[in-house]
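The values are calculated or read from the model by the stated rules, or taken from the named source; none is laboratory data. Everything quoted here is computed from the prediction, not taken from an experiment. FYI the Cβ positions are ideal-geometry reconstructions off the backbone, even for glycines, and counts take in every protein chain you see.
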Amino acid sequence: MFARAVLALALLLGLPLPLAAQDDPLRMLESGLQVQGWEGVGRIDIGTRGHCTGALISDKLVLTAAHCLFDKETGARATDDDLLFRAGFRNGRAAAEGRVIRSVVHPRYDPAGGTGLANVSHDLALLELSHPIRSMGVVPFAVYSEPRRGDQVGVVSYARGRLQAPSLQERCQVLERDRSGVLKMTCSVDFGASGAPVFALSQGRPHIVSVVSAMGTGSVDGAARDVSLGVTLGPRLDELRAALDARDRRFVQPPAAQTSAPRAMSAGGGARFLRP
């Protein structure tokens, strides 16, 4: 649900980003064999107005991006009744589905706050499902240590033109991690990919290390190229978990609707990509 952000990343960092290693192409996971092991990633349907991507981090908790929960025109937060998580959704069917009973956005995320990296760095939300998902093959992902510059990562996402099945990019690269904790990556994302889990391998198993927030353009060795922005987890995710555990109404209760649109966003379904 974001419009494309054109971000002068080299200026923010004070130097050009390093040239990335060769990335793997996106691969559609259309068959049962291809999607095996990735069923914990799902499409989040947001009423009739759009989609995001999310991933199970427990049998009842879905990790996604905070901006997915806000209407692109009014800034109003979606009601929990509008949210449906469809785990392993592929060709019209899901491996499991879950309605959302509660949702929480990070307290430092401002839906009208624009594209400042401090705001993007808190673009996280948790969805609590009304019932645990315990279907065979749908396994939650562990959350692992945060990646560093030069690390290889991968992304599983739903996006424009590929909303009927997930796509896997097995290898892309972390170009930089700035002081606010935002990751700049070479991973390929598009409308619908907001909230998608960024994975790294540990002992042969994928662990979530970040969440896709936005896409933009950066200077890599003097050449403009598309980059994606990811939110690091760590204490930010701990705060979300604590808010849900405490049933803290300051965080869980939807904020009042904005009186005017907080920012221009793209039309149509799919994930919002921030416009500066």
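So here's what we get for this one:
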read-out: Tally of residues being closer than 15 Å to ILE57 by Cα and either basic (Lys, Arg) or part of a strand (DSSP E or B) (or both) across region 98-128; value: 8
read-out: Residue match in region 166-185 (condition: free of Cβ contacts under 8 Å to residues at least 60 places away in the same chain, in a loop (DSSP other than H, G, I, E, B), within 25 Å of LEU69 (Cβ to Cβ) and out of contact with any Cys (no Cβ under 8 Å at 6 or more places or on another chain)); value: no
read-out: In region 61-74, the residues that are surrounded by 20 or more Cβ atoms within 10 Å (Cβ to Cβ) and more than 18 Å from TYR144 (Cα to Cα); value: ALA66, HIS67, CYS68, LEU69, PHE70, ASP71, LYS72
read-out: Candidate set from region 129-147 (those that are touching a residue at least 40 places away in the same chain (Cβ under 8 Å) and of a type in the set (Ser, Thr, Tyr)); member that is surrounded by the most Cβ atoms within 10 Å (Cβ to Cβ); value: TYR144
read-out: Candidate set: region 51-60, residues that are under 14 Å from the mean Cα position of the chain (by Cα) and either surrounded by fewer than 24 Cβ atoms within 10 Å (Cβ to Cβ) or polar (S, T, N, Q) (or both); chosen: the one farthest from ARG241 (Cα to Cα); value: THR53
read-out: Residue check for SER219: modelled with pLDDT under 85, outside any loop (DSSP other than H, G, I, E, B) and either of a type in the set (S, T, N, Q) or touching a Cys at 6+ places or on another chain (Cβ under 6 Å) (or both); value: yes
read-out: Region 26-65, residues that are among the acidic types (Asp, Glu) and under 11 Å from LEU84 (Cα atoms); value: ASP45
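Per-residue answers, yes or no, for (1) closer than 28 Å to PRO111 by Cβ; (2) in contact with a helix residue (DSSP H, G or I) (Cβ under 6 Å, 6 or more places away or on another chain); (3) of a type in the set (Gly, Ala, Ser):
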site: LEU168; (1), (2), (3): no, no, no
site: VAL182; (1), (2), (3): yes, yes, no
site: MET185; (1), (2), (3): yes, no, no
site: ALA193; (1), (2), (3): yes, no, yes
site: PRO206; (1), (2), (3): no, no, no
site: MET215; (1), (2), (3): yes, no, no
site: ALA223; (1), (2), (3): no, no, yes
site: GLY230; (1), (2), (3): yes, no, yes
